[in-house]
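Taking it in order: structure first as structure tokens, then the write-up.
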Amino acid sequence: MNPRITKIILIASILFAGFLTWRLFASQPTGVVVMYCAHDMQLADPAIRAFSEATGIRVLVQFDTEATKSLGLVERLKQEQGDPRADVFWNNEQLGTMDLAEAGALEVYQGPGWNRIPERYRDPAGRWAGFAARLRVELEREGCQGRTAGEGAIAKPLYGTTLTHYSALWARHGGEAVKRWHAESRKAGLAEVDGNGAVKRVVAEGAKQWGLTDTDDAFEALAGKAPVRMQPARVRFLPALAGVADDAKAPTVAIPNTAALVKGCKHPEEARKLIDFLLSAQVELILANGSARQVPLGPVDEARLPEPVRALRPAVAEGIPLAEVFAARAPCLAWLKEEYAGK
């Protein structure tokens with residue numbers, strides 16, 4: 001056969017095959033959803049896999065780092081407004097989600113999942129809903145006597161649930177008291193480490209006698225047989241601040257995960273399905289029975305909850321209203337950014 005004719009036939013075959021491939025995929029739904037996730041990968045992965053198995057929709061996930069938990073993705077979503085890359089935001093720190101809602105970065109979606117969650121834990125406008133809460137806790141070594149600053153540790157408060165904890169203290173005791181406690185406790189030796197996981201490590205390993213962290217990290221230490229115990233942290237200063245009452249009955253700091261639809265997202269149908277799944281009893285039970293022992297907020301089969309989770313439910317109910325804490329977040333964060341500028 002003439003080489004020129006052979007070449008023409010070959011090119012035509014390639015073009016025809018490409019045309020058939022384009023028609024095949026163009027006629028199919030995308031089956032993809034992009035999610036930014038501030039929750040730890042190992043904790044979020046079982047829920048993500050369960051969603052894909054149930055729906056056939058592939059989830060492309062961008063996780064956050066431990067040191068800048070949640071705040072990094074919040075800032076990224078703000079920067080991407082108008083041309084978002086994510087469809088869904090799974091945050092593990094509610095105040096950041098509330099900040100995004102106020103900034104206009106989230107879309108209203110009141111689906112079956114939103115309706116399942118009690119009013120206290122969802123945005124009245126329908127821009128987000130909470131699920132599967134954790135608590136701030138005091139983690140201490142067995143035999144720890146008292147809590148002096150030099151024997152304690154806390155995560156850098158610019159990020160994540162430590163920022164929520166600071167904001168709660170700010171809301172309850174005022175900014176000047178928080179600033180004084182911050183300065184005095186650091187001067188007295190309170191260690192500042194990169195993230196709640198690092199707090200857990202220094203206490204579990206005995207480098208420090210106590211620390212402020214979250215239930216997921218505390219349960220990890222207990223699972224590793226570290227000689228530690230935990231109790232819900234109250235909105236009070238540790239170590240105690242002179243002139244401020246050390247109220248043992250102060251509210252706790254309960255922090256739900258949140259699910260939200262990103263405004264202007266590229267895959268809204270798949271995104272709504274993922275949000276409803278995240279807000280389902282199935283996912284709350286997955287997270288309750290996982291290593292983090294997170295506490296369901298919506299109705300679930302109580303018999304399927306492990307005992308440590310049932311034991312935490314009253315403490316979650318005693319949580320300081322995060323709507324109050326949100327009002328304190330902006331001035332608290334502005335001060336912290338100044339405090340840590342250049343450090």
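Here are a few things to note about the model shown:
- For residue 192, net neighbour charge (Lys/Arg +1, Asp/Glu -1) across residues whose Cβ lies under 13 Å away: +3
- Full-stretch length increase - residue 183, residue 60 - with 0.36 nm per residue and alpha-carbon distance subtracted: 40.1 nm
- Annotation: amide H of residue 133 within the under-5 Å range of 257, 295, 297, sequence separation 5 or more or interchain, hydrogens built in the peptide plane.
- Each residue, residue 49 and residue 120, gets one label point 7 Å from its Cα in the Cβ direction; the gap between the two is 3.4 nm.
- Distances between placed amide hydrogens fall under 5 Å for residue 280 paired with no residue 5 or more residues away or on another chain.
- Normalised contact order of the stretch 116-191, rounded percent, pairs of Cα under 8 Å and 6 or more residues apart: 31
- Counting charges near residue 147 (Lys, Arg +1; Asp, Glu -1) among other residues having Cβ under 10 Å from its Cβ returns a value of -3.
- Relative contact order [Cα under 8 Å, 6+ residues apart], the stretch 214-272, whole percent: 23
- Here the simple spin-label model places points 7 Å from the Cα toward Cβ, and for residue 307 and residue 145 these points are separated by 3.1 nm.
- Span per principal axis, largest first, for the Cα atoms of the chain (Å): 95, 51, 41
- Cα gyration tensor shape for the stretch 134-257, rounded if a/c is under 1.5, else prolate or oblate: prolate
- Exceeding the 26 Å Cα-Cα cut-off - candidates 249/343; 208/343; 156/273; 200/263; 78/208: 249/343; 156/273; 200/263; 78/208
- The chain, relative contact order [Cα under 8 Å, separation at least 6], %: 25
- Distances between placed amide hydrogens fall under 5 Å for residue 226 paired with no residue 5 or more residues away or on another chain.
- Three-way shape label, the stretch 269-330, alpha-carbon gyration tensor, a/c 1.5: oblate
- Virtual spin-label span in nm between residue 242 and residue 330, 7 Å along Cα→Cβ: 3.5
- The C-alpha atoms of the chain define a longest principal axis, and helix 307-317 lies at about 80 degrees to it.
- Our estimate of slack between residue 78 and residue 176, defined as 0.36 nm per intervening residue step minus the Cα-Cα distance, is 32.3 nm.
- Seen against the Cα atoms of the chain and their longest principal axis, helix 322-340 is set at about 90 degrees.
A short reminder: the numbers here are calculations on the coordinates, not readings from a lab. Please read these numbers as outputs of a predicted model, since none were measured by experiment. Glycine gets a Cβ as well: all are built from the backbone with ideal geometry, and neighbour counts include every protein chain shown.
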